[in-house]
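Before any comments, here is the structure.
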Amino acid sequence: MEQGRGTCPVCNGTHRVPAGNDKYKTVTSGYDKETDTFECKNCGGQYMFGKPRGDVKLRPDGTPCTHSYSSKNVGRCLTQYTCIHCSESYQIDSGG
């Protein structure tokens, strides 16, 4: 694992999270019917075309981050998301 990163606290490094009782889970991107799970949206699945990595950036206190993102419009159809805890960021182009 890279320095400054730790095991994702949401999926515990498995890349998957339980789907639960989401009534639209079978038509949601990243859903696996065999395991009844979604891709983790904390360690990479939140990025445009991203795949979960199983690890995340560390917070200033040294703990792996459970991200909370703030967003801002940075272009016509471009939104920048930045974690309020560890400053990890990514952009999504809605292509509208």
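The values are calculated or read from the model by the stated rules, or taken from the named source; none is laboratory data. Here the structure is a predicted model, which means the values were calculated and not measured. Ideal geometry is used to build each Cβ from the backbone, glycine not excepted, and the neighbour counts take in all protein chains shown.
Descriptive notes on the structure:
- Evaluation of G75 against (1) modelled with pLDDT of 95 or more; (2) more than 25 Å from T7 (Cα to Cα); (3) not in a strand (DSSP E or B) (one fails), failing number: (1)
- For S70: the one exception among (1) at pLDDT 95 or above; (2) exposed (fewer than 12 other Cβ atoms within 10 Å of the Cβ); (3) not in a strand (DSSP E or B); (4) not acidic (D, E): (3)
- When the residues of the stretch 44-67 are filtered to those that are in a strand (DSSP E or B) and either aliphatic (A, V, I, L, M) or at pLDDT below 95 (or both), the one that is farthest from T14 (Cα to Cα) is L58.
- Any hit, the stretch 20-32, residues being surrounded by 10 or more Cβ atoms within 10 Å (Cβ to Cβ), touching a residue at least 12 places away in the same chain (Cβ under 8 Å) and not in a loop (DSSP other than H, G, I, E, B): yes
- Checking each residue in the stretch 43-81 for being acidic (D, E) and in contact with a strand residue (DSSP E or B) (Cβ under 6 Å, 6 or more places away or on another chain) picks out only D55.
- Hits in the stretch 1-19 - residues which are closer than 12 Å to R53 by Cβ, among the small types (G, A, S) and not in a strand (DSSP E or B): G13
- For the stretch 1-60, residues that are of a type in the set (D, E) and under 23 Å from S94 (Cα atoms) total 1.
- Close pairs (8 angstrom Cβ cut-off, 6 or more residues apart or separate chains): in contact (Cβ under 8 Å) with a residue 24 or more places away in the chain and exposed (fewer than 15 other Cβ atoms within 10 Å of the Cβ) in the stretch 46-57, in a loop (DSSP other than H, G, I, E, B) and not polar (S, T, N, Q) anywhere: G50/G44; K51/H15; K51/G44; K51/G45
- For the stretch 57-87, filtering for residues that are in contact with a Lys or Arg (Cβ under 9 Å, 6 or more places away or on another chain) and of a type in the set (F, W, Y) leaves 1.
- The C-beta contact set for the stretch 74-86 (first residue among the aromatic types (F, W, Y), second residue not in a strand (DSSP E or B), distance under 8 angstrom, 6+ apart or interchain) comprises Y81/Q46.
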